[in-house]
Amino acid sequence: MNTLATPPLAPLLVQLFADADVTKAELEQRFSPEDRDALIGQGDYRELYTRMKDVHLAVSKDTGKLLYLLARSTGARSIIEFGTSFGISTLHLAAALRDNGCGHLISTEFEPSKVARARENLMAANLSHLVEIREGDALETLAHDLPETIDLVLLDGAKPLYSRVLTLLETNLRAGALIIADNADWSPDYLAKVRSPTGGYFSVPFASDVELSMKLSISGQ
Ligand SMILES: C[S@@+](CC[C@H](N)C(=O)[O-])C[C@H]1O[C@@H](n2cnc3c(N)ncnc32)[C@H](O)[C@@H]1O
């Protein structure tokens, strides 16, 4: 048995994904072309996400399982997440840390009401001791006090910032570290960076709109 498949986390995730389906359906009805532009970088993403503070915008169920699987199979102990929202992806990653024996996850979110909800969910799942949520803009919260070594990164915040956030973390990524970027098709400069043959990553598009990348060693292996 694993933490993901047992109470209290299993029933909590069923409830959270059901809630996420409801808020997603509501969002689709009021999502304008301007909102899409903001998401891909031609508008005010901060204003957009503030307007969407009641929407989960969560990873899919399969992507959640993929996060757990990748963190388990690599024995990750040190994880960074950009974009906490209500904590659905955070719960999957924290479950993997727990099942790996221990570890630390730093997640960041600029919407205070979402930070509060994510903390409640982590408490309910008995996983809060593994997670530090830094409230504020990732460009500031992830610019200091990072773990010496990072094993795994989830990028799931504002798409135009993926490349800049990865740059903040870059020197602390161990060779072989995994970077999972959700909805990466909305971040062309990020894709150019991780797919460049000389960029220091090995990268592949994976599942539905996920880019899975691995940090190479200095020698390029
Ligand atoms: C797609 S949602 C994250 C969903 C979450 N990973 C999950 O699966 O439940 C993106 C979140 O990132 C937050 N966000 C966007 N840009 C941010 C930034 N620059 N700094 C901190 N949080 C940000 C938004 O408020 C939003 O809650």
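The values are calculated or read from the model by the stated rules, or taken from the named source; none is laboratory data. Bear in mind the structure is a predicted one, so any value in this text is a computation, not a measurement. Remember, those area values only see protein heavy atoms, side chains included, never the ligands or the DNA or RNA. Shrake-Rupley method; radii C 1.70, N 1.55, O 1.52, S 1.80 Å.
Observations on the model:
- The amide H of Arg134, built 1.01 Å from its N in the peptide plane, has Ser107, Thr108, Glu109 as neighbours under 5 Å, considering only residues 5 or more places off or on other chains.
- Probe 1.4 Å - accessible area at Met123, Å² to nearest ten: 130 Å²
- For the chain: accessible area per residue (Å², 1.4 Å): 46 Å²
- In the range 114-203, Cα pairs under 8 Å separated by at least six residues give a relative contact order of 24 percent.
- Just the protein heavy atoms count here, and of the accessible area of the chain at 1.4 Å, carbon and sulfur take up 54 percent.
- Among beta bridges from DSSP that stay inside the range 105-221, the antiparallel ones total about 50%.
- Per-residue ³J(HN,Hα) for the range 179-191, Karplus 6.51 cos²θ - 1.76 cosθ + 1.60, θ = phi - 60°, Hz, x for Gly and Pro: 10, 10, 10, 7, 6, 5, 4, 8, 10, x, 5, 5, 4
- D_trans [Stokes-Einstein, Kirkwood Rh over alpha-carbon pairs] for the chain, 10 °C, 1.306 mPa s, µm² s⁻¹: 91 µm²/s
- Pairs beyond 19 Å (Cα-Cα), from Lys24/Lys114; Lys114/Lys193; Lys65/Lys114; Lys24/Lys53: Lys114/Lys193; Lys65/Lys114
- Across the range 45-171, the relative contact order, built from alpha-carbon pairs under 8 Å that are at least six residues apart, equals 28 percent.
- Gyration tensor (alpha-carbon) shape descriptor, the range 134-173, a/c threshold 1.5: oblate
- Using C-alpha pairs below 8 Å separated by at least 6 residues, the relative contact order for the chain is 17 percent.
- The chain - mean residue ellipticity at 222 nm from DSSP helices (-39,500 (n - 2.57) per run, n ≥ 4, rounded to 500): -12500 deg cm²/dmol
- Ordered from highest to lowest accessible area with the whole protein assembly present and a 1.4 Å probe, Asp185, Asp35, Asp19 read as Asp185, Asp19, Asp35.
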